[in-house]
Amino acid sequence: MARSRIVVERLRLAGFRNLEQLELTPAARLNVIAGDNGQGKTSLIEALYVVATSRSFRTNRLAEVIRQGNAYANIELRVMRDGQRGEQRGQLSARGRSWRLDGKKPPRLVDYATRTPVVVFHPGDLALVHGSAQGRRTLLDRVALFSDPVSSDARQRYTRALKSRQRILEQRGSGARELAALEAVAAGQGARLAQARAQAAESLGGAVSRAFGTLTGQALALGARYVPGGSSDAGEFAEQLRIRRDKDRLRRSASFGPQRDDLSLDVDGRAAKAYASQGQQRLLALAIKMGELECVAETSHAEPLLLLDDVSSELDPTRTGAVYDFVRQSQSQVFVTTTRPDLFVTPTLSLGERSDFVLRQGRFS
Ligand SMILES: Nc1ncnc2c1ncn2[C@@H]1O[C@H](COP(=O)(O)OP(=O)(O)OP(=O)(O)O)[C@@H](O)[C@H]1O
Ligand SMILES: [Mg+2]
């Protein structure tokens, strides 16, 4: 199936971090957002990500993005795909958030979050290899969101059931009667999530390997393996929760389940986390993002928006060159932020394909 191009025609923001009011009319291929430190570049990229996905890559507390002194943050995105215009809109307040798809409340949040596929690469991603497993779980979930959208509901239901189980364990002890029913729900949804993540790890592994090969120009074998913290078998899952009641009550958290999942990465048979050099780890992080882009493109039949936040500042010139090559070859509409726009040369793009913006204190100057 041919992939659609997705093109943001307009982004409008109000009250988002330091951006009081802003309207961005991007070029179809490449958009370079420049500015000194602290002027709002990451905030702009973050706003694009939030309005497309209903989540932030910077924080789990979405209310943080509301501009100090404002009651609301509003974001509105107009997108063109296959000649069809679509609109996504988000409003955030301290009390909650609302999402609108073409002016209407979406049937499920996942319908909203998959409308405009997007992949972000930000400086925090450079810790994907050596950092905490949380980042790698999020990565698997981003891939699974498109390949198996139901997994996103499973994750929410699982988390809710597990939280209730924990509360009851701590308040009423491991003999409480409601536990069995809650554990059955947690086991069913947790097993479902494990299946989706295992599948995501498999597709991602292949795509990351290929990207890593392209980047390094070497035939280094890259292994990516899903390391489940729970089980993809609901029966076994429920049994484990039952046996672990006392233990989980004492440690005040569940010792079994996908909240303990990881994705292990190794290069030529050795754990990348322990053995790869810092430079190799960064290169691998970049390959992971390229792999994510490939997987999301494959399953969404579209070229996802690509957001690159200030990546060159954290990389050496060779790797920065690799990022730029990647951007030049990409079919996606790209948004990059940088303090050094002069380094970003794109001789192959025509005038209309690239736009440059400069942010100063939250405004375009
Ligand atoms: N909720 C908020 N309300 C108002 N201002 C905020 C809020 N959150 C963050 N800021 C401020 O917004 C400014 C812009 O931050 P941002 O991270 O977008 O800068 P940046 O241009 O990416 O800088 P750098 O080049 O250092 O990465 C900062 O001064 C930050 O303190
Ligand atoms: Mg920044």
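The values are calculated or read from the model by the stated rules, or taken from the named source; none is laboratory data. Since this is a predicted model, take the numbers as computed values, not measurements. Methodologically, a virtual Cβ is constructed for each residue, glycine included, from the backbone with ideal geometry; neighbour enumeration extends over all protein chains shown. Just the protein is used for accessible areas: all its heavy atoms, side chains included, with ligands, DNA and RNA removed. Shrake-Rupley method; radii C 1.70, N 1.55, O 1.52, S 1.80 Å.
Looking at Asp310, Asp316 in this structure, which one is under 18 Å from the mean Cα position of the chain (by Cα), over 19 Å from Gly213 (Cβ atoms), at pLDDT below 90 and open to solvent by 30 Å² or more (accessible area, probe 1.4 Å)? Can you show your working first?
Values: Asp316 fails: under 18 Å from the mean Cα position of the chain (by Cα).
Answer to the check: Asp310.
From the list Val51, Val110, Val65, Val7, which residue is β-branched (Val, Ile, Thr) and within 12 Å of ligand 1 (Cβ to nearest atom)? Break it down stepwise before answering.
Working: Val51 fails: within 12 Å of ligand 1 (Cβ to nearest atom); Val110 fails: within 12 Å of ligand 1 (Cβ to nearest atom); Val7 fails: within 12 Å of ligand 1 (Cβ to nearest atom).
So the residue among Val51, Val110, Val65, Val7 that is β-branched (Val, Ile, Thr) and within 12 Å of ligand 1 (Cβ to nearest atom) is Val65.
Only one of these is more than 30 Å from Gln68 (Cβ to Cβ), away from ligand 1 (no atom under 16 Å from the Cβ) and more than 18 Å from the chain's Cα centre (by Cα): Asp262, Asp268. Name it. Let's see the steps before the verdict.
Working: Asp262 fails: more than 18 Å from the chain's Cα centre (by Cα).
Unique residue meeting the criteria: Asp268.
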All positions within the range 300-354 that are part of a strand (DSSP E or B), away from ligand 1 (no atom under 16 Å from the Cβ) and of a type outside the set (Lys, Arg): Ala302, Glu303, Leu305, Leu306, Val334
Subset of the range 347-363 (residues that are open to solvent by less than 80 Å² (accessible area, probe 1.4 Å) and within 16 Å of ligand 2 (Cβ to nearest atom)): Phe357, Val358, Leu359, Gly362
Qualifying residue in the range 146-153 (condition: at pLDDT below 95, closer than 30 Å to Gln278 by Cβ, open to solvent by 20 Å² or more (accessible area, probe 1.4 Å) and not polar (S, T, N, Q)): no
Residue check, Phe344 over 24 Å from Tyr112 (Cα atoms) and within 16 Å of ligand 2 (Cβ to nearest atom): yes
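Residue by residue, here is whether (1) of a type in the set (S, T, N, Q); (2) more than 23 Å from Leu11 (Cβ to Cβ) holds:
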position: Leu284; (1), (2): no, yes
position: Thr299; (1), (2): yes, yes
position: Pro317; (1), (2): no, yes
position: Thr320; (1), (2): yes, yes
position: Tyr324; (1), (2): no, yes
position: Pro341; (1), (2): no, no
position: Phe344; (1), (2): no, no
position: Thr348; (1), (2): yes, yes
position: Arg363; (1), (2): no, no
Pair list, Cβ under 8 Å, 6 or more apart: the range 28-47 residue under 16 Å from Pro341 (Cβ atoms) and open to solvent by 30 Å² or more (accessible area, probe 1.4 Å), other residue of a type in the set (D, E, K, R) and near ligand 2 (Cβ under 10 Å from one of its atoms): Thr42/Arg58; Thr42/Asp309; Thr42/Asp310
Positions within the range 26-48 being near ligand 1 (Cβ under 8 Å from one of its atoms), on the phi < 0 side of the Ramachandran plot and small (Gly, Ala, Ser), in sequence order: Ser43
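Just checking, which of Thr25, Thr53 is open to solvent by 80 Å² or more (accessible area, probe 1.4 Å), closer than 21 Å to Thr337 by Cα and more than 16 Å from ligand 2 (Cβ to nearest atom)?
Numbers: Thr53 fails: open to solvent by 80 Å² or more (accessible area, probe 1.4 Å).
Every option except Thr25 fails the conditions.
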Ala47 being within 14 Å of ligand 2 (Cβ to nearest atom) and at pLDDT 95 or above: yes
For Ala14: the one exception among (1) open to solvent by less than 10 Å² (accessible area, probe 1.4 Å); (2) more than 12 Å from ligand 1 (Cβ to nearest atom): (1)
Complete set of residues in the range 320-345 that are in contact (Cβ under 8 Å) with a residue 60 or more places away in the chain and small (Gly, Ala, Ser): Ala322, Ser332
For Ala297: the one exception among (1) touching a Pro at 6+ places or on another chain (Cβ under 7 Å); (2) not in a helix (DSSP H, G or I): (2)
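From the list Val323, Val334, pick out the single residue that is among the aliphatic types (A, V, I, L, M) and either open to solvent by 60 Å² or more (accessible area, probe 1.4 Å) or modelled with pLDDT under 85 (or both).
On the way: Val334 fails: either open to solvent by 60 Å² or more (accessible area, probe 1.4 Å) or modelled with pLDDT under 85 (or both).
Result of the check over Val323, Val334: Val323.
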